[in-house]
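To start, the structure itself, in C-alpha cells.
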Amino acid sequence: MGEQPIFSTRAHVFQIDPATKRNWIPASKHALTVSYFYDATRNVYRIISVGGTKAIINSTITPNMTFTKTSQKFGQWADSRANTVYGLGFASEQHLSQVLPSPIISSNGPGEDKLFRSQSADVEITTEKERLKKMLSEGSVSEVQWEAEFFSLQDNNNKLVAALHEANANVDQWKKQLAAYQEETETLRQRVAELESQGSHDSSSENNKEELSQTLEELELLIKAKDEEIQMLKSQKCGRWEAEGEREETLQKLQELEARNAELERRLHLAEQTLAETLAEREKIQNEVTKVAEIMDVKIFELSEIRQGLAKLVESN
C-alpha cells in the first residue's frame, strides 16, 4: 500500500530465450504500459507491466542491477531473482530518452546509460556487469540490434493487417456487386437467346410473308380475270340468253363467280392484315433486341471496370 507510481510509459516487452540465451521472446503482440513504483517505507523501486491479467514484469530493483541502452530504441537489464533478462523496445529514441532522466537513473562511464545504480554497490555491480556481458557475448551484436527493432516491425504489421482487412471488406462488397452484375447479365443473355429464337421464327415468318405475298398476287390476278369474265358475261347475256335454261345456268354461274370473288376479296383482306401484324411484330422484336444489346454493352463495360479494380487491389496487396 505504500508504493506510489512515479513514472509510466509504453514499450514492447521482451524476455531472453531461456533455452538459447540468444534470442528475444516478445511478451505480447502490442506495446504494454510499463510503470515504475517507489515504496517510501522500504526505500525500494519496482518495475511492473501487466498484460491482461498476467504480470509480464514484476522486477524489484536491487543495488546490483544495471539498465543498459543497447541501441537508440532498446534497453535491457538482468533480474537475478527472476533468472531472466528483460528488454524494452520503444517507438522512438525520444521515448527511451524520457525513461533515462527518471529519478532512479544515474551514469556509469562514458557512452553508457545506467539504471538502478547504487553508490554502495560498486563491487556487486562489477560482477553483474561481467555476467551481463557474458550473456550478450553469446549472441552477435547485429542480432541484438535486429531484435531491438522487432517491435517497430510488429506495429507496421498491425497497420498492414488492418489495411488488409479493410481491403478484404471492399473486395467482398465488389464480389457481391460483381455477382449481381453477372446474374443480371445472364438474365439478359437468356433474353437475347429468346429474342434470337423469335428472330429465327421471324425468318420463317418472312418465308410465310413471301408465300402470302405470292398468294395475294395470284388472288389479285384471279380476281381480275374473274371480273373480266363477269363483265364479258354481262355484255353477252342479252344476246345469248335465248332459252330460259341457259339463262338460269348463266345466272347461277354468275352468282357463283360473284361469291367466289367476295371470298377472294375476304382472303385478300385477311392476308393484308396478317402481313401488317407480322411486320409490326418484327419491328417490335428488332427494337427490343437493340435495347437489350445496348444494356449488355453497358453491363459488360461495368464488369470490365470491376475486374480491373479487383486486379489492381490484388496487385497492391
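The values are calculated or read from the model by the stated rules, or taken from the named source; none is laboratory data. Every value quoted in this text rests on a predicted model; they were computed, and no experiment measured them. Note: ideal-geometry Cβ built from the backbone for every residue, glycine included; neighbour counts use all protein chains shown. For accessibility, only protein heavy atoms count, side chains too; no ligands or nucleic acids. Shrake-Rupley method; radii C 1.70, N 1.55, O 1.52, S 1.80 Å.
Numerical summary
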read-out	value
Filtered residue count, region 21-67, keeping only those that are of a type outside the set (Phe, Trp, Tyr) and touching a residue at least 60 places away in the same chain (Cβ under 8 Å)	11
Of residues in region 166-196 being touching a residue at least 12 places away in the same chain (Cβ under 8 Å) and hydroxyl-bearing (Ser, Thr, Tyr), the one most open to solvent (accessible area, probe 1.4 Å)	Tyr181
Within region 25-35, considering residues that are at pLDDT 90 or above and either assigned to a loop (DSSP other than H, G, I, E, B) or closer than 17 Å to Asp79 by Cβ (or both), the one least open to solvent (accessible area, probe 1.4 Å)	Val34
Ile105 vs. criteria surrounded by fewer than 19 Cβ atoms within 10 Å (Cβ to Cβ), farther than 15 Å from Trp24 by Cα, modelled with pLDDT of 85 or more and more than 42 Å from the chain's Cα centre (by Cα)	no
Residue check for Arg22: more than 42 Å from the chain's Cα centre (by Cα), outside any strand (DSSP E or B) and charged (D, E, K, R)	yes
Some residue of region 249-258 being at negative phi, of a type in the set (Lys, Arg), within 50 Å of the chain's Cα centre (by Cα) and modelled with pLDDT of 80 or more	no
Qualifying positions in region 36-51 - within 40 Å of the chain's Cα centre (by Cα) and open to solvent by 70 Å² or more (accessible area, probe 1.4 Å)	Val50
Number of the exception - Val13 against (1) part of a strand (DSSP E or B); (2) modelled with pLDDT under 90; (3) within 40 Å of the chain's Cα centre (by Cα)	(2)
